[in-house]
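The values are calculated or read from the model by the stated rules, or taken from the named source; none is laboratory data. Note that the structure is a prediction, hence the values are computed from the model and not measured. Cβ placement follows ideal geometry from the backbone for every residue including glycine, while neighbour counts extend to all protein chains displayed. These area figures cover heavy atoms from the full protein model, side chains too; ligands, DNA and RNA do not enter into them. Shrake-Rupley method; radii C 1.70, N 1.55, O 1.52, S 1.80 Å.
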Amino acid sequence: MIFGVLAPIAVLATLALLIVLFLQRGREGVDLSPRGILRLYLYLASLAGIVVFALGLASVVNYGVARTVGNEFIYGGPGPVPAMVRCPPEAVGKGCVEPTPELIEAQRIQQKQQTDRRRDEDLIRGITFTVFGAVFWGAHWSARRGVGELDAMMSGLRRGYVMLGTVVFGLSTIVLLPTGIYQALSNVLLPTSESFYRQGADALGGGIVSLPIWLIYLRLVVSEFRQST
């Protein structure tokens, strides 16, 4: 779920930032010199690295919760199984297959294997995205220092960058965290029959990861605006 929430928010917020900076060029906006364009790229690429890092870390959190509490808590219940309905006499031997206890058990095992695979895919995806995002962010952070980020600490570009991060992860937090908590409470508090599909709390990992990142960006943006005034 975090992919469907965080990625569109990041894209839309980035487009909004570019439009604002373009309209404000010459008034503490972004300058369109080669050095200014390079700085703009480095800031946007840094944010992209953090977004990818957050996506990966959310998958790792979901994997850890599923391992600790159970797959159904994150990925949902097994869903309905076929009822023990016998074939009518006229359909016997004409393609009608009566569900047997062995068939039902085989379907349960198949559903469990599918959930296990989904959980393990979360781990692999999480490690891959986390490592790649961290390396990508680290490379662009170092490049920002190399082109003189300290000389532009009060620039409109940097303030736009920290504001963009605050908006992206703030919206992700307010969408994913309440959704994940609601899903988790529903799984814990509401009784559910085995024949009824139970939705998992797959938004929980995204909300847990987005919250501290949002707080870090919020602290940065408040600090930036205090210094500018």
Original post:
Only one residue in GLY36, GLY64 is within 30 Å of ARG117 (Cα to Cα), among the small types (Gly, Ala, Ser) and modelled with pLDDT of 55 or more. Which one?
Top reply: GLY64
Original post:
In segment 171-181, how many residues are open to solvent by less than 70 Å² (accessible area, probe 1.4 Å) and in contact (Cβ under 8 Å) with a residue 40 or more places away in the chain?
Top reply: 5
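Okay, residues lined up against (1) closer than 24 Å to ALA48 by Cα; (2) open to solvent by less than 70 Å² (accessible area, probe 1.4 Å); (3) modelled with pLDDT of 85 or more:
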position: GLY126; (1), (2), (3): yes, yes, yes
position: THR130; (1), (2), (3): yes, yes, yes
position: VAL135; (1), (2), (3): yes, no, yes
position: LEU157; (1), (2), (3): yes, yes, no
position: VAL167; (1), (2), (3): yes, yes, yes
Original post:
Which one of these is at pLDDT below 90, farther than 28 Å from ALA48 by Cα and open to solvent by less than 60 Å² (accessible area, probe 1.4 Å): ALA143, ALA184?
Top reply: ALA184
